[in-house]
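Novice: Mind having a look at this structure? Questions to follow.
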2 protein chains.
Amino acid sequence: MEKKLSRAEQKARRPHEILDAAFEEFVEKGYAATRVEDVGARLGVTKGTVYLYFPTKEALFEATIGHVSAPFEDVRASIDALQGSHSDRLRQLLLLGYDKLAGDRKTRELLRLQLAEGSRFPNIIDRHYGEFVAPLLDAVRALIEQGVASGEFHQGAAASMPEVVISSAIHLTIWKLIFADRNPIDEATFIEAHIDLVLNGLLARRR
Amino acid sequence: MEKKLSRAEQKARRPHEILDAAFEEFVEKGYAATRVEDVGARLGVTKGTVYLYFPTKEALFEATIGHVSAPFEDVRASIDALQGSHSDRLRQLLLLGYDKLAGDRKTRELLRLQLAEGSRFPNIIDRHYGEFVAPLLDAVRALIEQGVASGEFHQGAAASMPEVVISSAIHLTIWKLIFADRNPIDEATFIEAHIDLVLNGLLARRR
DNA sequence: TATCGCTGACTTACTAGTTAGTCAATGGAT
DNA sequence: ATCCATTGACTAACTAGTAAGTCAGCGATA
């Protein structure tokens with residue numbers, strides 16, 4: 001039990017603690033229904049303390065979104081490091097996507113907050129698009145174009161629209177957000193089916 | 001200008017008018033931030049009038065969700081009426097899905113409300129699953145199974161997971177909800193790419 | 001004129017944001 | 001090592017504003 005934190009240490013931790021608590025509250029109640037006092041209460045601290053670190057509830061919300069969006073910077077590097085045939089790399093890319101998006105509760109709930117509050121906080125949408133969505137789509141597009149150039153992938157409409165290749169990962173994320181544990185899906189089977197569909201399609205192969 | 005409505009006619013219309021107005025307000029502001037007074041104001045009527053028809057704000061919200069979910073009953077019939085090869089019918093089914101889900105603003109915004117408020121109104125989720133999601137998935141699954149049985153579709157993991165076949169429609173819907181008109185997608189190309197991917201996959205066909 | 005859909009002022013309850021005051025940690029002096 | 005003046009993170013009680021829900025009365029309709 002390390003109840004012994006110096007003042008400086010405690011002060012340095014506060015903003016992080018507050019943002020973590022705020023994220024949980026905003027996820028659970030939404031922006032409007034969240035009370036700043038309840039955010040503080042999660043830390044055993046009063047509303048006044050929260051207002052020492054964040055000037056308004058809006059600023060707290062935007063900082064909270066930035067706080068959980070931060071750990072995305074490594075995704076781009078992971079994508080460039082993939083090895084193997086284009087099919088292999090695409091498979092790995094999709095698995096990575098499931099891990100970071102559908103598999104990570106914080107990322108999932110971030111998507112919920114974007115949908116729920118995005119129209120009132122447009123800048124969180126724009127930031128997320130520039131920092132996460134656009135680079136990811138560019139990486140998928142580049143990978144598919146390489147596969148087409150090498151002859152491994154066929155030249156079809158799907159090759160120019162990377163969204164349709166990754167969209168099942170979005171679907172699973174939304175499913176988990178809406179149904180939580182009420183209508184669970186077998187995720188391993190789902191992911192396998194997705195990869196099978198992306199690579200092979202539905203039509204029987206002629207020989 | 002038909003300002004001449006009898007009292008009985010006006011009274012019969014009121015609940016519908018209120019629900020239409022409430023839907024717009026809830027979509028724009030979310031449940032918590034919506035003011036009952038503003039719902040009334042859309043009709044040029046005061047808060048008191050709204051409370052003559054709905055006992056609480058919560059009841060108004062649940063009735064609003066039920067109001068916009070209502071017109072789904074015909075979807076099932078449309079699916080059963082499809083004609084042609086299994087590929088043709090699947091294509092028509094997907095086009096129908098885009099039309100009813102991504103293409104219809106009310107349905108799209110209903111999805112947003114489910115995501116945003118579902119955790120505080122669980123029954124709207126359960127109703128929607130039973131009345132819309134489950135029947136749709138069953139129809140897609142049945143169609144794919146018939147295609148596999150006939151030899152037109154190959155027997156793969158995707159055949160048992162109808163979600164991965166329709167998920168691009170969900171993706172486009174989410175995209176439109178989040179980015180509205182800031183990052184528009186060419187929808188015709190998107191849908192074409194989706195159908196191409198579902199039928200052919202990415203791998204080049206051997207000859 | 002009797003009815004009744006509607007009004008709008010009112011009550012009640014709640015919350016964002018403020019600020020004067022508290023007290024425990026700190027660190028220099030002895 | 002001990003004392004103690006100072007700091008500053010935090011609190012608690014406050015203001016000001018807002019919104020849900022109520023109801024006595026109004027006035028157009030039939």
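Novice: Would you say residue B:56 is within 8 Å of DNA strand D (Cβ to nearest atom) and open to solvent by less than 20 Å² (accessible area, probe 1.4 Å)?
Specialist: no
Novice: In the stretch A:115-137, which residue that is in contact with a Lys or Arg (Cβ under 9 Å, 6 or more places away or on another chain) and in a helix (DSSP H, G or I) is nearest to the other protein chains (Cβ to nearest Cβ)?
Specialist: Filtering the stretch A:115-137 for residues that are in contact with a Lys or Arg (Cβ under 9 Å, 6 or more places away or on another chain) and in a helix (DSSP H, G or I), the one nearest to the other protein chains (Cβ to nearest Cβ) comes out as A:116.
Novice: For the stretch B:23-43, does any single residue satisfy the condition of being away from DNA strand D (no atom under 13 Å from the Cβ), exposed (fewer than 13 other Cβ atoms within 10 Å of the Cβ) and either more than 19 Å from the chain's Cα centre (by Cα) or within 14 Å of chain A (Cβ to nearest Cβ) (or both)?
Specialist: Scanning the stretch B:23-43, I find no residue that is away from DNA strand D (no atom under 13 Å from the Cβ), exposed (fewer than 13 other Cβ atoms within 10 Å of the Cβ) and either more than 19 Å from the chain's Cα centre (by Cα) or within 14 Å of chain A (Cβ to nearest Cβ) (or both), so the answer is no.
Novice: Could we say that residue A:67 is out of contact with any Gly (no Cβ under 6 Å at 6 or more places or on another chain) and more than 15 Å from DNA strand C (Cβ to nearest atom) here?
Specialist: Taking the combined requirement at face value, the residue satisfies it.
Novice: Between B:18, B:65, which is within 15 Å of DNA strand D (Cβ to nearest atom) and modelled with pLDDT of 95 or more?
Specialist: Every option except B:18 fails the conditions.
Novice: Take the residues in the stretch A:178-198 that are at the interface with chain B (Cβ under 7 Å from one of its Cβ atoms) and crowded, with 19+ Cβ neighbours inside 10 Å, then tell me which one is nearest to residue A:153 (Cα to Cα).
Specialist: Per the stated criteria, the residue is A:198.
Novice: What number goes with the only condition from (1) more than 14 Å from chain B (Cβ to nearest Cβ); (2) away from DNA strand D (no atom under 16 Å from the Cβ); (3) of a type in the set (D, E, K, R) that residue A:47 does not pass?
Specialist: Looking at each condition in turn, residue A:47 falls short on (2).
Novice: Would you point out which residue out of B:110, B:82 is in a helix (DSSP H, G or I) and under 22 Å from the mean Cα position of the chain (by Cα)?
Specialist: Step by step, each of B:110, B:82 is checked, and only B:110 is in a helix (DSSP H, G or I) and under 22 Å from the mean Cα position of the chain (by Cα).
Novice: Scan the stretch A:137-164 and report the pairs whose first residue is under 15 Å from residue A:201 (Cβ atoms) and whose second residue is part of a loop (DSSP other than H, G, I, E, B) and among the hydrophobic types (A, V, I, L, M, F, W, C), with Cβ atoms within less than 6 Å and a gap of 6+ or a chain change.
Specialist: A:153/B:202; A:154/B:204
Novice: Turning to a different aspect of this structure: Is there a residue being farther than 26 Å from residue A:168 by Cβ, of a type in the set (S, T, N, Q), in the same structural domain as residue A:185 (by TED's automatic domain parsing) and under 19 Å from the mean Cα position of the chain (by Cα) anywhere in the stretch A:120-131?
Specialist: Yes, the stretch A:120-131 contains a residue that is farther than 26 Å from residue A:168 by Cβ, of a type in the set (S, T, N, Q), in the same structural domain as residue A:185 (by TED's automatic domain parsing) and under 19 Å from the mean Cα position of the chain (by Cα).
Novice: Looking at (1) within 13 Å of DNA strand C (Cβ to nearest atom); (2) part of a helix (DSSP H, G or I), which is the only condition residue A:31 fails?
Specialist: If we test residue A:31 against (1) within 13 Å of DNA strand C (Cβ to nearest atom); (2) part of a helix (DSSP H, G or I), just (2) comes out false.
Novice: I've got another one for you. Find the residue count for the stretch B:85-106, including only residues that are assigned to a helix (DSSP H, G or I) and away from chain A (no Cβ under 14 Å).
Specialist: 6
Novice: Within the stretch A:175-205, which residues are part of a helix (DSSP H, G or I), touching a helix residue (DSSP H, G or I) at 6+ places or on another chain (Cβ under 8 Å) and free of Cβ contacts under 8 Å to residues at least 60 places away in the same chain?
Specialist: Answer for the stretch A:175-205, where residues must be part of a helix (DSSP H, G or I), touching a helix residue (DSSP H, G or I) at 6+ places or on another chain (Cβ under 8 Å) and free of Cβ contacts under 8 Å to residues at least 60 places away in the same chain: A:175, A:178, A:179, A:189, A:190, A:192, A:193, A:196, A:197, A:200.
The values are calculated or read from the model by the stated rules, or taken from the named source; none is laboratory data. None of these values were measured; they are calculated from a predicted model. Positions of Cβ are backbone-derived with ideal geometry, glycine not excepted, and every protein chain shown enters the neighbour counts. Areas reflect the complete protein model, heavy atoms only, side chains present, ligands, DNA and RNA absent. Shrake-Rupley method; radii C 1.70, N 1.55, O 1.52, S 1.80 Å.
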